[in-house]
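Take a look at the structure set out below.
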Amino acid sequence: MPSTKTFQLLAACLITCSSLSAIAQNRADVWLTKADRSALFTKQATGLNFSTAKNNLPTIVINEKETFQHIDGFGYALTGGSAQHIVKMSAQARAALLKELFATDGNNIGVSYIRLSIGASDLNEKVFSYNDLPEGQTDLTQAKFDLGPDKTDVIPVMKEILAINPKIKVMGSPWSPPLWMKTTYDARGGMLKPEYYDAYAKYLVRYVQEMQKQGIAIDAITVQNEPLHPGNNPSLLMVAPDQALFIKKFLGPAFEKANLKTKIIIYDHNADRPDYPITILDDPQAKKYIDGSAFHLYGGKIDALSDVHDAHPDKNIYFSEQMVVEQPNSTDINIVNPVRRLIIGATRNWSKTVLEWNLAADPENKPYTDRGGCPMCQGAVTIDKDNYSRNLAFFSVAHASKFVRPGSVRIASNDLTDLPNVAFKTPDGKHVLIVANSGKNAAGFNISINGKTLVAALDKGSVATYTW
């Protein structure tokens, strides 16, 4: 039987633990990035304490009873070029990089969603598909389908990522079908020939199946990356009526026949054409196969995502790509811009994901394809042999990915003019608030929830994530 002294020690421990728990519940941690780089996604030594004191500062009011969409994740495109650099690192250096990107402990940023190109993107060294044939030849049954170059870089890197986070979600997006399926035997532009709609549906089914054999589950595919931008290399012009026809007559039935659970996502292009996904979703035969619509923000306004949601509230919204660039060796960091426009903007407009473009490049932003590749597409990290540096895209995603874990739900918060923000509740009951100071001056403000208040301050151009 335990002694009286043992009971006293246990009681003291319980009192101490209870007190610590109470303190923890009344305290918020702060992770800060400042425009002058004096803090770069840095946890502050001193957090903030909740109180019931009153003041006249502007207030961000959080209402956790008003909920919006659930979050699937935040992350990047693991392009072929990104994987090419990562796979060439030594095992030790590669492990350190991938841990910082995909683990959630310590200062690691917990990326939870990855986008892959189906075949080559414009950030591959060269153009390829998984069924390249000489002009004039065809393969309607996909007997010659082969994941090809991805087996040397993308797939090995994905396997290492999955070892760190087995639950990471993956979106696949094609830039072009095999050339023999197109109206012009050219990686750039052209359209998908109607006689090859069935073959192309089989091609996309095989992609999902073959990646599954490699242990990589494809959570979703978009039907075509940037279907209204045929000048990229590779690329394809696919207008909305053609995409609707392809889905309802070929791709949807093919996925159904193969018992694939992979989601079908439409559009995958700029926010200036919300009519594109809306017209497809207006077709009930196509709509039944579609999970939602994906967007970029090289054109249009982010609130167009809400227009599509409002037109079809039963379908999901995704943000699948945006290039985020800064000047190398810049003395300041414009962290407010991508956080305000993407991390806050997309999620406040119903998006379940925010994916930036792209994960990694070298100091010259290579590789990229000729005749339409992207020479200015900086990676979230710049890799130089075994060394890497972190860029603007790294820090902007980190402010969300580490804390807003998959399954989190966006909760209501009022959006102040110079303090754009977004709030979430995580699956384990924690609260996350991301705030950017987009004003011209430092700002003091309150964070109010459930009758309690945090008093916070942000220098101009700064971003903070508050968690409690």
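Points to keep in mind about this one:
- Exactly one residue out of 273, 341 is open to solvent by 60 Å² or more (accessible area, probe 1.4 Å) and part of a helix (DSSP H, G or I): that is 341.
- Residue within the range 67-86 that is over 30 Å from residue 199 (Cβ atoms) and aliphatic (A, V, I, L, M) present: yes
- Applying the set (1) surrounded by 16 or more Cβ atoms within 10 Å (Cβ to Cβ); (2) more than 28 Å from residue 366 (Cβ to Cβ); (3) not aliphatic (A, V, I, L, M) to residue 49 leaves exactly one unmet item: (1).
- Scanning the range 97-133 for residues that are basic (Lys, Arg), open to solvent by less than 20 Å² (accessible area, probe 1.4 Å) and touching a helix residue (DSSP H, G or I) at 6+ places or on another chain (Cβ under 8 Å) yields a total of 0.
- Residue count for the range 63-96 satisfying the condition of being under 18 Å from residue 41 (Cβ atoms) and surrounded by fewer than 20 Cβ atoms within 10 Å (Cβ to Cβ): 1.
- Being free of Cβ contacts under 8 Å to residues at least 24 places away in the same chain, within 18 Å of residue 226 (Cβ to Cβ) and not in a helix (DSSP H, G or I) is a description that applies to residue 186.
- Qualifying positions in the range 39-67 - more than 26 Å from residue 354 (Cα to Cα) and assigned to a loop (DSSP other than H, G, I, E, B): 45, 46, 47, 50, 52, 53, 54, 55, 56, 57, 58
- If you check 441, 414 for being open to solvent by 10 Å² or more (accessible area, probe 1.4 Å), farther than 24 Å from residue 350 by Cα and over 19 Å from the mean Cα position of the chain (by Cα), only one passes: 441.
- Long-range neighbours under 6 Å by Cβ, at least six apart or interchain, first residue within 14 Å of residue 397 (Cα to Cα) within the range 96-109, second among the hydroxyl-bearing types (Ser, Thr, Tyr): 109/401
- Pair list, Cβ under 7 Å, 6 or more apart: the range 189-208 residue part of a loop (DSSP other than H, G, I, E, B), other residue open to solvent by 60 Å² or more (accessible area, probe 1.4 Å): 190/183; 190/184; 191/183; 193/183
- When restricted to residues that are surrounded by fewer than 22 Cβ atoms within 10 Å (Cβ to Cβ), touching a Ser or Thr at 6+ places or on another chain (Cβ under 9 Å) and not in a loop (DSSP other than H, G, I, E, B), the range 323-338 contains 1.
- Reported count of residues in the range 52-61, each being open to solvent by 10 Å² or more (accessible area, probe 1.4 Å) and closer than 24 Å to residue 343 by Cα, is 3.
- Residue, nearest to residue 120 (Cα to Cα), within the range 373-402, restricted to residues that are in contact (Cβ under 8 Å) with a residue 12 or more places away in the chain and open to solvent by 30 Å² or more (accessible area, probe 1.4 Å): 376
- Of all the numbered requirements in (1) under 22 Å from residue 117 (Cβ atoms); (2) part of a strand (DSSP E or B); (3) not aromatic (Phe, Trp, Tyr), residue 375 misses one, and that requirement is (2).
- On the stretch given as the range 68-112, residues that are in a loop (DSSP other than H, G, I, E, B) and hydrophobic (A, V, I, L, M, F, W, C) total 6.
- Each residue in the range 277-298 was checked for being assigned to a strand (DSSP E or B) and either over 18 Å from the mean Cα position of the chain (by Cα) or crowded, with 17+ Cβ neighbours inside 10 Å (or both), and 6 of them qualify.
- Any hit, the range 189-203, residues being open to solvent by 10 Å² or more (accessible area, probe 1.4 Å), basic (Lys, Arg) and under 22 Å from residue 286 (Cβ atoms): yes
- Meets criteria (more than 29 Å from residue 295 (Cα to Cα), in a loop (DSSP other than H, G, I, E, B) and open to solvent by 70 Å² or more (accessible area, probe 1.4 Å)) for residue 136: yes
- Reported count of residues in the range 428-437, each being open to solvent by less than 50 Å² (accessible area, probe 1.4 Å) and more than 21 Å from the chain's Cα centre (by Cα), is 2.
- Residue match in the range 351-367 (condition: hydrophobic (A, V, I, L, M, F, W, C), within 21 Å of residue 425 (Cα to Cα) and crowded, with 21+ Cβ neighbours inside 10 Å): yes
- Residues in the range 143-181 that are part of a loop (DSSP other than H, G, I, E, B) and either crowded, with 22+ Cβ neighbours inside 10 Å or of a type in the set (D, E, K, R) (or both): 144, 146, 153, 167, 175, 176, 177, 178.
- Residue 130 vs. criteria aromatic (Phe, Trp, Tyr), closer than 27 Å to residue 356 by Cα and part of a helix (DSSP H, G or I): no
The values are calculated or read from the model by the stated rules, or taken from the named source; none is laboratory data. The shown structure was predicted, so the numbers you read here are calculated from the model rather than taken from an experiment. Positions of Cβ are backbone-derived with ideal geometry, glycine not excepted, and every protein chain shown enters the neighbour counts. Side chains included, ligands, DNA and RNA excluded: accessible areas come from the protein's heavy atoms. Shrake-Rupley method; radii C 1.70, N 1.55, O 1.52, S 1.80 Å.
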